[in-house]
Amino acid sequence: MDQARCAAGRGRRNRRTQRSSGPIQGDDRSFVASERLSNRCISLVRGDGFLPSLSAASVVAKVARDRWMVEVAHQRWPEYHFNDHKGYGTKKHREALKRFGPCPIHRRSYKPIQELTHSS
């Protein structure tokens with residue numbers, strides 16, 4: 001199946017899913033939160049609201065990321081105090097960004113980082 005047909009099918013599937021009142025029954029395909037598609041993957045916009053397994057994966061990913069920010073990122077870049085805010089946009093984090101600029105793990109595509117780097 002080519003990319004255009006996959007994208008069109010994904011849009012119809014998501015609209016059907018959003019209208020459905022019951023839970024989605026999985027099959028042998030994988031559900032992913034991504035735009036990358038194949039014939040064995042389905043991309044569901046806001047899929048964590050429909051599938052408990054996607055909700056759980058989202059929580060696990062957040063916990064793993066937060067743990068990494070405390071245990072690894074804070075050790076590498078202590079001036080940002082990642083152990084206090086885990087990279088979320090707190091006042092303390094914004095102040096460190098203004099003082100030190102973004103470090104290698106800051107997403108340059110994130111609008112507040114872009115604004116900060118373009119205003120300096």
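Looking at S21, is it at pLDDT below 90, open to solvent by less than 90 Å² (accessible area, probe 1.4 Å) and not in a helix (DSSP H, G or I)?
No; evaluated as a whole, the condition is false for this residue.
Table: residues versus (1) among the hydrophobic types (A, V, I, L, M, F, W, C); (2) at pLDDT below 90; (3) in a loop (DSSP other than H, G, I, E, B).
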position	(1), (2), (3)
V60	yes, no, no
R65	no, no, no
M69	yes, no, no
A73	yes, no, no
E79	no, no, no
Y88	no, no, yes
L97	yes, no, no
I105	yes, no, yes
S109	no, no, yes
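Results for (1) under 26 Å from V45 (Cα atoms); (2) of a type in the set (K, R); (3) open to solvent by 100 Å² or more (accessible area, probe 1.4 Å), shown as yes or no for each residue.
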| residue | (1), (2), (3) |
| --- | --- |
| A56 | yes, no, no |
| A73 | no, no, no |
| W77 | no, no, no |
| F82 | no, no, no |
| K92 | no, yes, no |
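The values are calculated or read from the model by the stated rules, or taken from the named source; none is laboratory data. All values reported here derive from a predicted model rather than from experimental measurement. Only protein heavy atoms, including side chains, enter the accessible area calculation; ligands, DNA and RNA are left aside. Shrake-Rupley method; radii C 1.70, N 1.55, O 1.52, S 1.80 Å.
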